[in-house]
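K.L.:
Dropping a structure here in structure tokens format, bear with me for questions.
The values are calculated or read from the model by the stated rules, or taken from the named source; none is laboratory data. These figures come from a predicted structure and were not determined experimentally. For neighbour counting, all protein chains shown are included, and Cβ atoms are generated from backbone atoms with ideal geometry for every residue, glycine included.
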Amino acid sequence: MRALPPLISAQHVVLQVGIRVSAQEPLPGCHVATVYGPRMEVAELAHLRRARDLLDREYARPLDVPAMARAALMSPSLFSRRFREAYGDPPYAYLQARRVERAMALLRRGHMSVTDVCIAVGFTSLGSFSSTFTRLVGEPPSVYRARDHSRLTRVPPCMTHAWARPGWVAQPCRIGEAFVADRA
């Protein structure tokens, strides 16, 4: 008869797939990976999601980090650190990526000029909009607007959003949640 493994204390809670929820040092023989950074509490994640939802919903409004931090009930510096740990980008970079994502959708329709799109998505300067758009998408907004987007017309909107996210062409998209690199 095999002996049962020793009980694991509440401090070392491990999911069946080997992802540790909270502990200070790794368990022996267990692959440890955290999705949301070290020692991030569930309540803190809920506050961060509230701020991220604000960014997703109010992307066209002038938002700064202190306003985002107020939505998360945190100080601006703690909010910036925790947001980056959870989502992989600083809050303002996440906001810019959301604005560019919405601008891509407006430019694909072709009904608005680049300047009108720039203002509609919350950028105040056409130059900063163009440089940010080019950095994230890989081509200037005018070139993107002129390009043929007919291949996306027969695709469901949920897939169009995924395929046309900023970074799809130039580099891997960083809008999603951050995952800690493998520590094997």
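K.L.:
Only residues in the range 47-74 that are touching a residue at least 24 places away in the same chain (Cβ under 8 Å) and among the small types (Gly, Ala, Ser) count as the first member; pair them with residues that are surrounded by 14 or more Cβ atoms within 10 Å (Cβ to Cβ) and not in a helix (DSSP H, G or I), Cβ under 8 angstrom, at least 6 apart or cross-chain, and list the lot.
P.N.:
Cβ pairs passing all conditions: 51/72; 60/121; 60/122.
A quick yes/no check of all residues on (1) modelled with pLDDT under 95; (2) outside any helix (DSSP H, G or I); (3) surrounded by fewer than 16 Cβ atoms within 10 Å (Cβ to Cβ):
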{"site": "78", "(1), (2), (3)": "yes, no, yes"}
{"site": "100", "(1), (2), (3)": "yes, no, no"}
{"site": "122", "(1), (2), (3)": "yes, yes, no"}
{"site": "132", "(1), (2), (3)": "yes, no, no"}
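K.L.:
Among residues belonging to the range 94-120 that are β-branched (Val, Ile, Thr) and closer than 23 Å to residue 150 by Cβ, point out the one that is nearest to the chain's Cα centre (by Cα). Quick ask: steps written out before the conclusion?
P.N.:
First pass over the range 94-120, keeping only residues β-branched (Val, Ile, Thr): 100, 114-115, 117, 119.
Then keep just the ones that are closer than 23 Å to residue 150 by Cβ; that gives 100, 114, 117.
Numbers: 100: 13, 114: 25, 117: 22 Å.
Among those residues, the one meeting the criterion is 100.
K.L.:
Which members of the range 80-98 meet the condition of being in contact (Cβ under 8 Å) with a residue 40 or more places away in the chain and outside any helix (DSSP H, G or I)?
P.N.:
Passing the criteria: 88, 89.
K.L.:
Here is a follow-up. In the list 68, 40, which residue meets the criterion of being at pLDDT 90 or above and surrounded by 13 or more Cβ atoms within 10 Å (Cβ to Cβ)?
P.N.:
Values: 40 fails: at pLDDT 90 or above.
Exactly one residue qualifies, and that residue is 68.
K.L.:
Pull up the range 83-98, narrow it to residues that are in contact with a helix residue (DSSP H, G or I) (Cβ under 6 Å, 6 or more places away or on another chain) and more than 18 Å from residue 136 (Cα to Cα), then point me to the one that is surrounded by the fewest Cβ atoms within 10 Å (Cβ to Cβ).
P.N.:
86
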